[in-house]
Amino acid sequence: MHAEKELVALLRQGDREALSQLYFFHVKPLSYFILRAAKSPALTEDVIHDTFIKIWEHRNRLDPEQSFKAYLYTIARRTLINLLNRVRREEHILAEIKKDVITNPLSTDQILLVKETNKLLSDAIVSLPPGCREVFIQCRVNGLSHKQAATVLGISESTVNNQMGRALKKIKKIYAGL
């Protein structure tokens, strides 16, 4: 195995093997670091995956003379914080939507209101950009997890997370405008 500085220099040049070696060298301690904060093995795996994707995407910014470990842990920590914030926002939006759900037997007016609301939601979903709409349908209509939707759609999980955030934001904006 090359020294870490050499690996970072090779990674900067686009060497996938260098990324692989850095990954295998850092994955266990980084996983432990993230798991302590995330308290979820699945979330930890997502953060690790997204972190190394970001490392690859921004490899030209790497400085072999700087600490790769410090850079890696900073990216991982920020990724975890962003994911946790996104989850909190999604939970808040879903809680708001659930507050509006009526659990008592429905009157004729309420049935019409539900139908109208469903039509508005359907129209809001149709108005989403195609990729965003597909992600929303897979996750919210079909009930897939972000990871499962990423696999079905052949995109990264971070793309699913970003598209879901956009979809929920746009749908909330549409409902707020009513």
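The values are calculated or read from the model by the stated rules, or taken from the named source; none is laboratory data. Only a predicted model underlies this, so the values are computations on that prediction, with no experimental measurement involved. Every residue, glycine as well, gets a Cβ built from its backbone with ideal geometry; the counts of neighbours run over all protein chains shown. Ligands, DNA and RNA are excluded from the accessible area calculation, which covers all protein heavy atoms including side chains. Shrake-Rupley method; radii C 1.70, N 1.55, O 1.52, S 1.80 Å.
Using C-alpha pairs below 8 Å separated by at least 6 residues, the relative contact order for the chain is 18 percent.
A crude spin-label estimate for the pair Ser145 and Glu96, with each label 7 Å from Cα along the Cβ direction, gives 2.7 nm. Rounded to the nearest percent, how much of the accessible area of the chain (1.4 Å probe, protein heavy atoms only) is carbon and sulfur? Looking at the chain in its full context, I get 57 percent from C and S.
Is the C-alpha gyration tensor of the chain telling us rounded, prolate or oblate? Criteria: a/c under 1.5 is rounded; beyond that, a/b larger than b/c is prolate, otherwise oblate.
Judged from the Cα gyration tensor, the chain comes out prolate (a/c at least 1.5, a/b above b/c).
On the beta carbon distance between Asp123 and Ala37, with R0 = 35 Å, the FRET formula returns roughly 0.30.
Using a probe of 1.4 angstrom and keeping all protein chains present, the accessible surface of segment 11-86 works out to 59 square angstrom per residue.
Longer than 30 Å from Cα to Cα, which of Lys28/Lys172; Lys54/Lys169; Lys5/Lys39; Lys28/Lys169; Lys39/Lys115; Lys69/Lys172 are they? Say none if no pair is. The answer is Lys28/Lys172; Lys5/Lys39; Lys28/Lys169; Lys39/Lys115; Lys69/Lys172.
Considering only the other residues whose Cβ falls under 14 Å of the Cβ of Arg140, what net charge follows from Lys and Arg at +1 and Asp and Glu at -1? Provide the component values of the computation, followed by the final result.
Details: positive: Lys98, Arg133, Arg166, Lys169, Lys170, Lys172; negative: Glu90, Glu91, Glu134.
Taking every other residue near Arg140 into account, the sum is +3.
Label-to-label distance, Glu45 versus Ile137, with points set 7 angstrom from Cα along the beta-carbon direction: 2.7 nm.
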